[in-house]
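No value in this document is a laboratory result; all are computed from the given coordinates. Predicted model only: the values in this text are computed from it and were never measured. Don't worry about glycine lacking a Cβ; one is built from the backbone with ideal geometry, like all the others, and counts go over all protein chains shown.
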Amino acid sequence: YQSLSITEFWRRWHISLSTWLKEYLYIPLGGNRSGRIRTLINIGIFMFLGGLWHGASWNFIIWGMLHGLYLAVERLNITRRFYTHVPKVIRCLFTFFLVLIAWVFFRAESLPEALAYLSSMFGLADVPESSLLLQGMLYTNYSLLAMLSAAGVVWFAPQTWDFTKKLAFGRIAWVGTIYIFAVVLLTVQSYNPFIYFNF
């Protein structure tokens, strides 16, 4: 979640799936070597099947196609001016916002529920009563603190490839403490089974 673009996000996220789809689908289709239009079509197919891999549901398909749209826009360099003239933290937050929108479709039980969540996120409707947030930690006194702590961990924690580098013990201790504190607050009132158990 420290990625500064959707392209960078997919270089880090679900590497096993993205690598498999790239090697056995995207590259055989021509990858980005067959012209701009064909490249955009290949990206669309690539992300459509990436969504379908998670389940035969419109939610997963829309999730995949949204990421396909994001990648296509970046491929067309439409966002180049924005990315080159804003601070990295703004780019990171913007990328996270786009990913978050797509996650709504991925995690919702149905398409109407996903649309209801999006409406509530933008202040256009109430949060659905079936929301896990309502049942869990949204209205607890510690929810905001927990979310801010988790955000701090994501931003300041070392990247996977940084573990081979020498880090100050103090920083590791602080990141670990904040992480444990955030996890405890987020899980104390709810139990959510691992989503991939459903596949």
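Set the Förster radius R0 to 25 Å, insert the Cβ-Cβ distance between Ser34 and His14 as r into 1/(1 + (r/R0)^6), and round the FRET efficiency to 0.05.
So the FRET efficiency works out to roughly 0.50.
To the nearest 0.05, what FRET efficiency results for Phe97 and Trp53 with a Förster distance of 25 Å applied to their C-beta separation?
Working from the Cβ atoms, E equals 0.55.
Efficiency by 1/(1 + (r/R0)^6): what FRET value for Thr79 and Ile180, r their Cβ-Cβ distance, R0 = 35 Å, to the nearest 0.05?
With R0 = 35 Å, the Cβ-Cβ based efficiency is 0.45.
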